[in-house]
Amino acid sequence: MAILWLSLEVSGVAILFSMVVGVPLGVWLGIRRFLGRGLLVTLVNTGMGLPPVVVGLFVFLLLARSGPLGSFELLYTPTAMVIAQVIIATPLVIGVTLAAIQGLDERLRLQILSLGASPLQYFWKLVIEARLSLLAALAAGFGSIISEVGAVMMVGGNLRGETRVMTTAIVLETRQGDFSMAIALSLILLLLALLINWLFTWLQQRRAL
Amino acid sequence: MNPLPLLQLEGLRYAQGGRTILDIPALEVHEGETLAILGATGAGKSTLLRLMNFLLTPQQGLFRWRGASVPRPVPLSIRRRVAMAFQEPLLFQGTVFQNVAYGLALRGLRGATIQSKVDEMLHLFHIDHLRHRSTRHLSGGEAQRTALARALVIEPELLLLDEPLASLDLPTKEQLAGELKHLLGRRRLTCAYVTHDQEEAVAIADRVAVLENGHLEQLGAPEEIFFHPRTPFVARFVRTGNVLPGVVEHSQEGLAVIRLQERRLEAVSDIPVGRQVWICLRPEDILLSREEKSAPSRDSARNHLAGVITALRPNGPTTQVTLDCGFPLLALITRRSALDLSLAPGDRLVASFKATALHLIEEGDTEKR
């Protein structure tokens, strides 16, 4: 139960951070035209397919005792796992938000401004208008990190009672030959994914009516 | 009329992708007037409206609001004096009420104030009964009424309408055009109204600006645009019907003789001899008769042209007759007259019109007239 809770906590906090950072960035990229925007969009798209083990390695090197942030002693803590997951999920959130904002009719954006919206009110209205797609960003981001194993294993270390989450526990149980436990944990993870996606879909469809 | 225009544009130039979209030396919108911006697709009408709404930034040009120059970036306080409604309703998710209330909420108004203002506007546009309806379940007319109410409820000092009726069916369009004109007049609203429909422009506007390829071709009262077009483009755009090239051959006491191929026409004009002109003649100013006028005419019309009917096109209560007079000449008569004269292609007719019916445009000198 503690493993399940930690999984939810780490991925929940990570997706929250990713949304807070990714949604404004995605909106900004969606509405602004500037030199170098194409490069940024390419970087985001590349980031959407970032291999988690590469992120794990990067965060590991960053937080390792000899690394630039070594003094904070974050390696093998849930915080390190959150950092890795934020790096994995944020490009996804930015990418989906960007697509959602670009999917809005350009004249709808002009209409919001022409009715006298301030920059902040404009941003907020865009988020509201694109909220169904932003729920997809939330679902995609959360789905990608709750099921991710490579990065959390590397930076979390799979320490029992401290950094062990559902995915790393499944890997461990499989390695130890306790297949029934591994299958049970997998089923719980699947059920969790199903529940969360059902919740997002319900929210999305309810608002779409 | 206030001596200071509400909005003045000076030396406006807007380009996109290296192509000049708009180049307008000067344009003013006066308080309380409805200015129709008329032009074909791609003339730059919508771009002009977006510039007036400060949604686009021109490469060159100055905007003055009641005489004071508008700084860049445009302050929110000035942006909020203008509101625009587009051709498509562009409604937000939510109910009709929420849409109409949106601009008021942006301005920090709350509760009862919003309620009463929105109620009044819903009533004006006859959509009270739709207040709680989702915008997903509105007809085209209802949606456009909602969009217009949303723009008007914030009581903008300048209302910009970008072909707001273009996507509606004809009965709805006519009804809403009437209501809109009534509303604009009653509230003394200042409005810039983009349309490609000249009839809509005449119906609603105090002044008409005709745009062509980003240039202001003519600006004036509707009658002026329709009866005294300044360029051949404007003449054709307002369906003058006959826009023909000629040369002033003789001029005396304000009466000019214009050579049009091998024909001679008389017109009231002081354009000097030798000048190339465009002859504008509205089809409805032409009288058609069957008699051959070999002898000098006995009516007051100064012009009589013999021709052969090449086409007859009935259109509702009227019939458009195309005559070959050495050049094609369009005349418009009532359908009943066409029947009485038993007109048929190949028939010989005489087209008569007064010298005052001709409007001349001097070629290459659009400034003078």
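Computed quantities for the displayed model
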item: Shape of segment B:130-283, Cα gyration tensor, a/c cut at 1.5; result: prolate
item: Choice from A:L35, A:L63, A:L50 with maximal GNM fluctuation in chain A (Cα, 10 Å cutoff); result: A:L35
item: Global form of segment A:105-151, assessed from the alpha-carbon gyration tensor, a/c cut-off 1.5; result: prolate
item: Computed magnitude of the charge dipole of segment A:28-169 (debye, nearest 20; Cβ of K, R +1, Cβ of D, E -1); result: 260
item: Dipole magnitude of the protein assembly as shown, debye to nearest 20 (Cβ charges: Lys/Arg +1, Asp/Glu -1, about Cα centre); result: 1040
item: Fewest-first sequence of B:I279, A:I183 by Cβ atoms within 10 Å of each Cβ; result: A:I183, B:I279
item: Stokes-Einstein D for segment A:1-87, Kirkwood Rh over Cα pairs, 37 °C, 0.692 mPa s (µm²/s); result: 224
item: Of B:F63, B:F327, B:F227, the one that fluctuates the most in a GNM where chain B has Cα springs shorter than 10 Å; result: B:F327
item: Shape call, the protein assembly as shown: gyration tensor on alpha carbons, a/c limit 1.5; result: prolate
item: On Cα atoms only, tilt of A:37-48 relative to the major axis of chain A in degrees; result: 30
item: Efficiency of FRET from Cβ geometry, B:R259 and B:D340, R₀ 30 Å, rounded to 0.05; result: 0.30
item: Most mobile of B:D270, B:D162, B:D197 in a GNM of chain B (Cα contacts under 10 Å); result: B:D270
item: For B:E212, distant residues with modelled amide H under 5 Å away; result: B:E217
item: Separation of alpha-carbon centers, segment B:6-65 and segment B:326-342, rounded to whole Å; result: 42
item: Fraction of the pair-distance distribution of segment B:211-305 above 17 Å, Cα-Cα pairs, percent; result: 60
item: Cα lying deepest toward the dipole's positive end in the protein assembly as shown, options B:Q8, B:A85, A:S114, charges on Cβ; result: A:S114
item: Cα-only radius of gyration and Dmax that characterise chain B, units Å; result: 24.9, 82
item: Beta bridges by DSSP in chain B, antiparallel share as percent, to the nearest 5; result: 80
item: Which of B:C280, B:C325 has the fewest Cβ neighbours within 10 Å, and the rest in rising order; result: B:C325, B:C280
item: Cβ-based exposure ranking for B:T146, B:T231, in which fewest neighbours within 10 Å come first; result: B:T231, B:T146
item: Helix B:111-124 vs. chain B, principal-axis angle (Cα, 0 to 90°, nearest 10); result: 20
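Taken together, the values in this text are just the output of simple stated rules run on the coordinates, not laboratory data. None of these values were measured; they are calculated from a predicted model. All Cβ positions, glycine included, derive from the backbone under ideal geometry; neighbour counts span all protein chains shown.
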